[in-house]
1. For residues in the range 290-300 being open to solvent by 10 Å² or more (accessible area, probe 1.4 Å) and of a type in the set (A, V, I, L, M, F, W, C), which is nearest to ligand 1 (Cβ to nearest atom)?
2. Out of 127, 121, report the one residue that is under 21 Å from residue 177 (Cβ atoms) and open to solvent by 20 Å² or more (accessible area, probe 1.4 Å).
3. Specify the residue that is modelled with the highest pLDDT; the eligible residues are those in the range 552-581 that are touching a Lys or Arg at 6+ places or on another chain (Cβ under 8 Å) and surrounded by fewer than 19 Cβ atoms within 10 Å (Cβ to Cβ).
4. Tell me which of these residue 518 doesn't satisfy, since it passes every other one: (1) β-branched (Val, Ile, Thr); (2) over 20 Å from the mean Cα position of the chain (by Cα); (3) surrounded by fewer than 24 Cβ atoms within 10 Å (Cβ to Cβ).
5. I need the full set of residues from the range 326-355 which are within 25 Å of residue 197 (Cβ to Cβ), assigned to a loop (DSSP other than H, G, I, E, B) and not aliphatic (A, V, I, L, M), in order please.
6. When the range 88-108 is examined, which residues are found to be in contact (Cβ under 8 Å) with a residue 60 or more places away in the chain and under 20 Å from residue 123 (Cα atoms)?
7. Kindly indicate whether any position in the range 630-642 is surrounded by fewer than 20 Cβ atoms within 10 Å (Cβ to Cβ), within 22 Å of residue 9 (Cα to Cα) and over 24 Å from the mean Cα position of the chain (by Cα).
Amino acid sequence: METTTIEALLQEQRVFPPSEEFVRQANVSDPSIYEEASRDYEAFWAKCAEILDWYERWHTVLEWNPPYAKWFIGGKLNACYNCVDRHVKTWRRNKAALIWEGEPGEERVLTYGDLHREVQKFANVLKSLGVRKGDRVCIYMPMVPEVVIAMLACARIGAPHSVVFGGFSAESLTDRINDAQAKLLITADGGWRRGNIVPLKRNADDALRNAPSIEKVIVFQRIGGDYMVPMQEGRDLWWHELMANAPLTCEPEPMDSEDLLYLLYTSGSTGKPKGIMHTTGGYLVGVAITTKWVFDIKDEDIYWCTADVGWVTGHSYIVYGPLAIGATALMYEGAPDYPDRDRFWAIVEKYRVNILYTAPTAIRAFMKWGEQYPQRHDLSSLRLLGTVGEPINPEAWMWYHEHIGGGRCPIVDTWWQTETGMILITPLPGITATKPGSATKPFPGVFPDILDEQGNPTPPGRGGYLVLTRPWPAMTRGLYGDPERFQQIYWSKYPGIYFTGDGAKRDEDGYFWLLGRVDDVINVAGHRLSTMEIESALVDHPAVAEAAVIGKHHEIKGQAVAAFVIIKEGYRADEQLREELKQHVAAKIGAIARPDDVIFTADLPKTRSGKIMRRLLRDIAEGRALGDTTTLADPAVVQALKEKYEGQEE
Ligand code: ATP
Ligand code: MG
């Protein structure tokens with residue numbers, strides 16, 4: 001028996017309208033913007049494009065030949081010019097562009113003027129090493145301002161960058177360099193993580209044994225002192241030595257709207273990394289306007305996105321979006337629990353952060369550690385909170401709202417993907433009443449739908465496949481060098497419609513609720529259940545900080561629910577709690593979702609970007625050998641869990 005929709009079972013009644021005070025000062029507060037955008041979305045996006053400075057205006061807003069869109073055709077601009085030069089011509093010359101805190105505690109501030117100087121010099125360095133427009137440059141660096149300088153310098157001369165997260169191994173770096181055929185690598189001697197040195201240069205050396213396209217390596221000295229790294233004669237060059245003699249000015253290269261700005265390989269929750277391509281005009285319009293409207297950033301704000309620049313969140317919402325609108329962005333190099341579990345809150349207090357954008361995985365860790373950590377600090381500067389990366393469980397949302405937001409800050413739960421480039425489903429904080437666990441409404445000019453297997457829109461309350469029926473400016477222009485795979489993954493399920501790979505439902509008010517990845521959906525006796533909803537029912541219990549549920553093979557039901565549960569500090573993992581949790585799920589969403597197994601664990605297998613990898617939990621529960629574990633943050637977690645699980649089974 002195969003049903004075609006995901007049964008959506010969890011109910012949520014709480015609603016949080018924006019305060020009058022927030023609405024009064026919001027960057028957008030007039031709901032008519034939604035109608036205006038749906039009436040003529042091309043005209044809407046053309047109006048949004050005025051947020052940038054163009055050398056030449058486009059002659060055609062959109063050309064749509066699914067799966068390929070071209071936006072702002074004929075337009076000429078430069079992303080670096082928009083993020084730096086144009087601000088330097090105004091009073092923002094001496095405004096902080098980046099405020100940086102190193103993990104050991106160093107502080108640096110770069111004004112737009114500083115950024116302008118450094119980026120021009122570094123662009124000249126790249127040119128002097130033979131990098132030309134169109135050449136790919138790989139960046140493998142820690143979270144230091146130089147990573148932003150490197151990205152912007154690439155954009156300035158029209159060389160697409162491919163940033164590889166500094167937590168990736170040598171092998172992952174090799175694959176990404178080879179796929180992009182990058183000519184130059186920018187790295188550092190090392191980076192700091194929980195007081196230890198991440199050996200970036202050593203990894204890079206290993207990676208380069210099998211990556212012959214790289215001609216030169218620029219090494220930024222982050223650690224220095226006694227920490228020595230070998231430098232290969234003729235290939236490796238120090239950042240500071242090159243910069244010492246670099247000329248001060250470098251004109252930005254006028255780029256076509258559709259010229260490649262960067263490549264970014266996705267985190268790989270689902271398999272072989274995909275080289276997502278983003279182009280200049282549409283991407284920059286999309287990230288600039290969403291930054292301004294979703295985060296409600298004002299010139300006097302300090303905005304902190306805690307992502308690493310190695311992920312799309314860092315690209316769009318640390319670098320390109322905030323800098324395009326002349327904002328002040330904070331960057332932190334290290335871990336949230338170093339030297340103690342209050343590090344984020346110490347940073348918020350110290351810099352008087354106004355807007356904080358983080359991930360559910362972090363929020364659930366904070367919940368587990370307890371509210372005593374945020375309570376140690378004055379968080380009254382915060383006025384808006386954001387989340388991205390996974391569905392947020394309603395109880396985690398409530399915790400964030402109360403313990404971090406002091407009950408006064410709107411929360412923007414933003415749904416998007418590396419492929420979408422920009423936020424697509426989100427509240428607008430001066431307009432949208434939020435509901436815990438819902439990403440709420442499409443951004444104006446964006447057209448998602450929820451379809452069943454046959455391609456019919458699902459009625460309210462029924463889960464289905466989240467798709468986008470019309471193009472949007474920042475959408476990916478494809479997978480680098482692999483058009484067939486692009487077609488197959490995203491465009492083959494429904495012709496001409498973008499398939500996201502996520503399940504979702506809509507409620508009576510038209511709000512979107514993400515239900516988890518379609519690949520993770522559980523099928524119990526023909527009922528297709530959402531991982532997200534069962535996990536949220538578990539997190540709703542006061543003892544639970546985080547949960548991951550999977551479908552495990554079952555003779556009669558097809559699949560049975562197995563739940564891996566992390567409990568909060570101060571609770572006991574015993575038989576009584578196990579029973580209570582099974583009951584709790586049954587009571588919250590129905591007997592069909594009651595877990596057969598509840599496995600207590602200290603940790604869950606996660607990708608390096610902090611997302612739960614349920615397919616490995618399925619391997620464990622079904623006693624299989626573990627599938628590909630190369631994108632895991634910590635392979636030891638899944639090994640330990642496997643041993644524990646096998647021990648319990650006996
Ligand atoms: P890969 O595609 O390589 O497997 P990934 O999907 O984890 O990796 P990203 O592009 O970083 O890589 O993540 C996008 C996905 O993250 C979305 O498809 C969705 O599953 C999840 N996601 C992001 N934001 C939200 C959100 N606010 N609510 C629910 N899910 C979200
Ligand atoms: Mg994905």
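The values are calculated or read from the model by the stated rules, or taken from the named source; none is laboratory data. Computed from a predicted structure; not experimentally measured. Positions of Cβ are generated from backbone atoms using ideal geometry, with glycine treated the same way; all protein chains shown enter the neighbour counts. Just the protein is used for accessible areas: all its heavy atoms, side chains included, with ligands, DNA and RNA removed. Shrake-Rupley method; radii C 1.70, N 1.55, O 1.52, S 1.80 Å.
1. 293
2. 127
3. In this case the residue turns out to be 568.
4. Result: residue 518 fails condition (2) only.
5. Hits for the range 326-355 are 333, 334, 336, 337, 338, 339, 340, 341, 342.
6. Correct list: 97, 98.
7. no
Residue-wise test of (1) open to solvent by 10 Å² or more (accessible area, probe 1.4 Å); (2) under 20 Å from residue 413 (Cα atoms).
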site	(1), (2)
278	no, no
283	no, no
288	no, yes
302	yes, yes
305	no, yes
314	no, yes
